[in-house]
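Here's the structure, in structure tokens; my notes come after.
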Amino acid sequence: MKLYLYGIIDSSDQVKDSIYGLEGASVYNIPFCDIGAVVSEINQPIQGVTEGAVLEHEDIIEKLMENFTVLPVRFQTIIDGRDNLLSMMQSYYKDFRDNLERLHNKLEFGIKVIWPADKIKEHIINTYKKNDKKVSVPSNSSNKRFMRKKFEKYKINEEFQKKANKYISVMDLFFSKFAVEKKLKKLKTEDLLLDAVYLVEKGKQDNFRDAFEHIKSAHKGFKFLFSGPWPAYNFVILPKNNDLLKDSNQEDLFDKVIQHRDLVGADKI
Amino acid sequence: MHNMVTKSRDVTLLEVLDRVLDKGVIISGDVVISVADVDLIYLGLKVLLSSVETMEQLKGSPFAGPMQEAK
């Protein structure tokens, strides 16, 4: 029996509402100690990434969010049987527990800011040229001209980066006031000034939205994209090399899981 | 109007894809059955997600659900 895994929740209780997952199968919780893995049974591998399947995956996680703290699991994570799932839960238990505690009562919001990069660059170039004329020295040789062009390009880019930093620091100052964690990416492309995700306490989401509205209205000519609340996809932290299941001691580990499962009554669903 | 709605759906989908295909709990190991082509498709989407042209298409489109855009 293959199990499609949607999320890890901070409860060993059953999912109260009737939720149906991929292939219309019932979604249920497989408890492990005081947490659980929410799954549905699946018969055949999903054929690639389809819009319907992706949205369904996300929809189920959002439904779980209504009642639990959820660690969303990557799309198309299919575990080969219940014993393997419990083995995985054993391996990751501490990490899952730590993440669930850290992310309890918190939501993720995404913010993308597109700025008029062309106009900003044009302005920088014009200012540079204007100032440069005052100290203009005729350069006759092609080498000098080449070096000069290189230097100009460097100065323009430097100024462009400075301006980006300035805008981002102002925006982030407002957003950070109501966030507990954040991840910012500056200038993924020249136009995409900021691609950020913020982790916000549930009780502060209105403040966070207000801060966004304030920033939005203060930056005419910029385009803003606000999304959320999301499950905290971007704030799940798992050690990179936590790959115990590839360990040669898998058999020992499996024995431990069986013992543990008996102790906690994990097989009673 | 139909076109605008489509764009709005595209944005929502892009935001979802950006998360569900790459973020959250990523479990490695033999217990996970790998599904062919997902990684390849994902690479394509990543390029798409980074594309400013895609974002530029959003001009003036109304955003449904949790999404909103401002000029």
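Sparse packing (at most 12 other Cβ atoms within 10 Å of the Cβ) combined with a DSSP loop state is found for the following GluC sites (Glu not before Pro) in segment A:48-121: A:66. Greater than 29 Å separation of Cα atoms is the criterion. Which listed pairs, A:94/A:166; A:2/B:23; A:149/A:223; A:129/A:220, meet it? Flagged as over cut-off: A:94/A:166; A:149/A:223. Convex hull volume of the Cα atoms of segment A:1-152, normalised per residue: 224 Å³. Residues A:28, A:198, ranked from the fewest to the most other C-beta atoms within 10 Å, line up as A:28, A:198.
Counted by neighbouring Cβ atoms within 10 Å, the residues A:30, A:19, A:9 run from fewest to most as A:19, A:30, A:9. Each label point was placed 7 Å from the Cα along the Cα-to-Cβ direction; for residue B:13 and residue A:210 their separation is 3.7 nm. Distances between every pair of Cα atoms in segment A:100-233, grouped in 5 Å steps from 0 to the bin holding the largest one, split as 2, 9, 17, 17, 13, 10, 8, 7, 6, 4, 3, 2, 1, 0 percent. Taking 7 Å steps out from each Cα toward its Cβ at residue A:152 and residue A:190 produces label points 1.5 nm apart. Cβ crowding within 10 Å ranks A:103, A:187 as A:187, A:103, fewest other Cβ atoms first. Going 7 Å from the Cα of residue A:128 along its beta-carbon direction, which residues of segment A:175-207 have the amide nitrogen within less than 17 Å of the resulting point? The answer is A:190-191, whose backbone nitrogens lie closer than 17 Å to the label point. Each part reduced to its alpha carbon centroid, segment A:9-60 and segment A:84-122 end up 20 Å apart.
Between residue A:18 and residue A:55, the FRET efficiency estimated from the beta carbon spacing at R0 = 22 angstrom works out to 0.70.
Just so you know, all these numbers are worked out from the coordinates, no wet-lab data involved. Everything numeric here is computed off the predicted structure, so don't read it as measured data. Counting neighbours? That spans all protein chains shown, and the Cβs are built from the backbone with ideal geometry, glycine included.
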